[in-house]
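J.: Starting off with a structure, shown below.
The values are calculated or read from the model by the stated rules, or taken from the named source; none is laboratory data. All figures in this text were calculated on a predicted structure; none of them were measured in a lab. Note that each Cβ is placed from the backbone with ideal geometry, even for glycine, and that neighbours are counted across all protein chains shown. Remember, those area values only see protein heavy atoms, side chains included, never the ligands or the DNA or RNA. Shrake-Rupley method; radii C 1.70, N 1.55, O 1.52, S 1.80 Å.
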Amino acid sequence: MTATCAKGTRAQSTPLSLRVRSDQQGRTVPQSFIGLSYELAQLSEPEFFSAQHKDLVALCRRLSPSGVLRIGGNTSEFCWFQATSETPAPKLHVPPGDLAQNWMPHRLFAIQPAAIDALAGFLKATGWTAIYGLNFGNSTPERAAVEAAYVRQKLGPRLAFFQIGNEPDLYQKASNGTRPPGWGFDDYVREWLAFAEAVSARVPDARFGGPDTAAASDWVVRFGNEVAPKLGKRLVALSGHYYAEGPPNDPKVTTERLLAGDPKVAQSAREIVRTADAHNLVYRMSEGNSCYRGGKPGMSNASAASLWAADYLLTLASLGCAGINLHGGDSRFLSAGLGDHNPGLEAAGNKKQSAPNGFYTPVSTEQGQPAEARPVYYGMMLAQEFAGATMQSLEPGQSEMLGTYAAEKNGKTIIALVNKASIGDRDVLITADKPFHHATLWRLTAPALDATTGVEFGRAAVSSAGTWIPRSETLPIRNGAVHVAVPAASAALIFLS
Ligand code: BDP
C-alpha cells in the first residue's frame, strides 16, 4: 500500500445516488449480534476471563452491551476439566505420521473450576453471554457431562449454549488428525449425539449449537436437517466458521484480494439461514476472521481489516445471520492452537512484530501490556451500530468496492458506506422515501490501508479503559438529499432523523 490509499484521488464527478426504501424491510439484527471468539485454553489461566481483568471488560462493554463470547477453537480439543484434584487427565490421541505437518496442539490444558467461577464474574461484568465449547477430540461423553454441569450451574442464564468439538469437517485431514481417514459426517453425528445426550442427562435444560465447521456449509445444512428433529428445542443454533483468506505465508493472500470480497459468503449464508429458519434455529458465524492460521501482519492487524470487518459483518447481518464472533486472544494460546507454528511471522519477513501470532485479534492482550482495541475492533464497532436495527434496502444496491447498508433503529435511519478501494474517493447522494431533517456522520478512518495504528471511528480512538468520545459531523441537507464524500479506504456511518 502507498500513501495514495489514505488520501485517495479526487472524488468522481457524478455522484452515486442511493435511495433508502423503508417499505422494503429485512430482518432485525439481534442485540447479541456482535461477539468475540477465543481459544478455550485461555481458561487455563483463570484470571484472564475474570471481572478483575478490567481493561478487557471495558473493551468488551465498549464493543457491545450484550455481546457473545464464544470459547472454543483448536485448543478446545485439548482442554480438560479438572473437576477435583483427583480427576485424571484424559488420554491424548496422537495421530500417526509426522507431527511437524500437524497443526493441532498435542498438549493438554487443564481447566480448574475456579476458571469457570471467574468466567461467570467476567460475563456479569461485561453483560455478555457465552458459547462454551466442550472437548470432542480427546474426551468422553462422561467428561463432557461433568464439565457441562459445572458450567451450566455457574454461568446460569449467561450460558447461551454449548458446542461440542471444533471444525469436525477437518478431523480426518493430516493437518488435524483428530479422527482417522475415512471418518465422516455420519460418524460425526452419531458421536456428537452421544455427547449431547450425556450432557442432557446431567443438564436437562442444556442447549446446543453446531456443527462449528471450518468451511463445509453442506455439513451445517445436513446437521440442521438431521439433528434438529432429534434434539427438538435443545438445538438452538447452526454454527460455522469463516476465514476470508489464508494462510498468511501464501503470497496470493493480499489486502486487495481480501477487500474484493467473496461471493461464497452470501451463497452459503443464504443456504444456512434457510435451513435454520426451517427448524426455528438461528445461524451464528461462531469463529472467523480475515485470514486463518493466525492472521497476516500488515493486513489482519491493519486498517484493511477494519474495513473488511465492517463490510463482512454488515453483509452477514443483511443476510439474516444472527451473530458473528471474530477470533482472537493472547498470542501464546493462538500459537498453541496452531501446533506452535507461527506462519504470520514468516509472512512478515524481517519486519519486527510485537507478537508472534494472533495478528487478527480484535483486542490485543499480550502479557504485561494493557488490553488494546486493534483495527478490526473499529470495524466491529461500526457494525455494532446496527444491533437492534431493522435492515432496509438501499437502491440500486451494492456497487463495486463500495459496501452499502441501511437500517432503521428507534425512528432513525442508519446508513453505512464502506469504500474498500485503495484509490478513488466515492461521492454518494442519499435520499430516502421517509423525510429527514437532520443528518450526522461518523467516519472510520486510518492513515493508510496497511496502517496498524491510528485507526479511528468518529475521529476518536478507544482507550484501554474503554473510553471513546466520538465527534460527529453534521451534513447539510439539500432538496431532501444528503451528499457524502467517502474517501478511499475509509467508511462512513450516517444517521438520518
Ligand atoms: C481455526 C481454529 C482456531 C485457529 C484458527 C486459525 O479453530 O483455533 O486459531 O483457525 O487458523 O481453524 O487462525
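J.: Out of all the residues in the stretch 178-187, is one or more open to solvent by less than 30 Å² (accessible area, probe 1.4 Å), within 15 Å of the ligand (Cβ to nearest atom) and not in a strand (DSSP E or B)?
T.: Of all residues in the stretch 178-187, those open to solvent by less than 30 Å² (accessible area, probe 1.4 Å) come to 178, 183-185.
Imposing the further condition that a residue be within 15 Å of the ligand (Cβ to nearest atom) reduces the set to 178.
Imposing the further condition that a residue be not in a strand (DSSP E or B) reduces the set to 178.
Within the stretch 178-187, one or more residues are open to solvent by less than 30 Å² (accessible area, probe 1.4 Å), within 15 Å of the ligand (Cβ to nearest atom) and not in a strand (DSSP E or B).
J.: Go over the candidates A201, A244, A228, A237 one by one and state the one that is in contact with a Phe, Trp or Tyr (Cβ under 7 Å, 6 or more places away or on another chain), modelled with pLDDT of 95 or more, away from the ligand (no atom under 16 Å from the Cβ) and of a type in the set (A, V, I, L, M).
T.: On the way: A201 fails: in contact with a Phe, Trp or Tyr (Cβ under 7 Å, 6 or more places away or on another chain); A244 fails: away from the ligand (no atom under 16 Å from the Cβ); A228 fails: in contact with a Phe, Trp or Tyr (Cβ under 7 Å, 6 or more places away or on another chain).
From the options A201, A244, A228, A237, the qualifying one is A237.
J.: Now for a different question. What is the number of the single condition among (1) at pLDDT below 95; (2) within 18 Å of the chain's Cα centre (by Cα); (3) farther than 24 Å from L69 by Cα that S217 does not meet?
T.: (3) is the only condition that S217 fails.
J.: Moving to a separate point now. Taking the residues in the stretch 197-215 that are closer than 21 Å to N280 by Cα and part of a loop (DSSP other than H, G, I, E, B) as candidates, determine which candidate is least open to solvent (accessible area, probe 1.4 Å).
T.: From the stretch 197-215, those closer than 21 Å to N280 by Cα are 197, 200, 204-213; that's our starting set.
Next, from what is left, pick out any that are part of a loop (DSSP other than H, G, I, E, B): 204-207.
Values: P204: 105, D205: 85, A206: 3, R207: 102 Å².
Taking the candidates together, the pick is A206.
J.: Can I ask one more? Failed condition for K173, given (1) within 16 Å of the ligand (Cβ to nearest atom); (2) in contact (Cβ under 8 Å) with a residue 24 or more places away in the chain, with all others met?
T.: Of (1) within 16 Å of the ligand (Cβ to nearest atom); (2) in contact (Cβ under 8 Å) with a residue 24 or more places away in the chain, only one is false for K173: (2).
J.: Go through the stretch 400-497 and tell me which strands (runs of 3 or more DSSP E), entirely inside it, have 1 or more residues that are under 19 Å from M380 (Cα atoms), open to solvent by 40 Å² or more (accessible area, probe 1.4 Å) and of a type in the set (D, E). Spell out how you get there, then give the answer.
T.: Details: elements: 402-409, 412-419, 426-432, 439-445, 481-486, 490-496.
Result: 402-409.
J.: Sort through G67, G73 and tell me the only one that's open to solvent by less than 20 Å² (accessible area, probe 1.4 Å) and away from the ligand (no atom under 16 Å from the Cβ). It would help to see each step written out before you state the result.
T.: Working: G73 fails: away from the ligand (no atom under 16 Å from the Cβ).
Checking each option against the conditions leaves just G67.
J.: Can you tell me which residue within the stretch 222-257, out of those that are part of a helix (DSSP H, G or I) and acidic (D, E), is farthest from V199 (Cα to Cα)? Even if it seems obvious, please write down each step before you answer.
T.: Filtering the stretch 222-257 down to residues part of a helix (DSSP H, G or I) leaves 222-234, 255-257.
With the extra rule that they be acidic (D, E), the set shrinks to 226, 256.
On the way: E226: 19, E256: 45 Å.
Of everything passing the filter in the stretch 222-257, E256 is farthest from V199 (Cα to Cα).
J.: Another one. Could we say that S32 is buried (at least 17 other Cβ atoms within 10 Å of the Cβ), among the hydroxyl-bearing types (S, T, Y), modelled with pLDDT of 95 or more and in contact with an Asp or Glu (Cβ under 7 Å, 6 or more places away or on another chain) here? Outline the logic, then answer.
T.: Values: buried (at least 17 other Cβ atoms within 10 Å of the Cβ): yes; among the hydroxyl-bearing types (S, T, Y): yes; modelled with pLDDT of 95 or more: yes; in contact with an Asp or Glu (Cβ under 7 Å, 6 or more places away or on another chain): no.
No.
J.: Additional query: Can you tell me how many residues within the stretch 247-275 are within 16 Å of the ligand (Cβ to nearest atom) and open to solvent by less than 40 Å² (accessible area, probe 1.4 Å)?
T.: At the first step, the residues of the stretch 247-275 found to be within 16 Å of the ligand (Cβ to nearest atom) are 247-250, 253, 258.
Keeping just the survivors that are open to solvent by less than 40 Å² (accessible area, probe 1.4 Å) gives 247-248, 250, 253, 258.
Total satisfying the criteria: 5.
J.: Give me a count of the residues in the stretch 284-311 that are in a helix (DSSP H, G or I), under 22 Å from I272 (Cβ atoms) and either open to solvent by 10 Å² or more (accessible area, probe 1.4 Å) or more than 16 Å from the ligand (Cβ to nearest atom) (or both).
T.: Restricting attention to the stretch 284-311, the residues satisfying the condition of being in a helix (DSSP H, G or I) are 303-311.
So of that shortlist, the ones also under 22 Å from I272 (Cβ atoms) come out as 308-311.
Now narrow it down to the ones that are either open to solvent by 10 Å² or more (accessible area, probe 1.4 Å) or more than 16 Å from the ligand (Cβ to nearest atom) (or both): 308, 310-311.
So the count comes out to 3.
J.: Quick check on this structure: which one of L326, L382, L338 is part of a helix (DSSP H, G or I) and either touching a residue at least 12 places away in the same chain (Cβ under 8 Å) or open to solvent by 10 Å² or more (accessible area, probe 1.4 Å) (or both)?
T.: The unique qualifying residue is L382.
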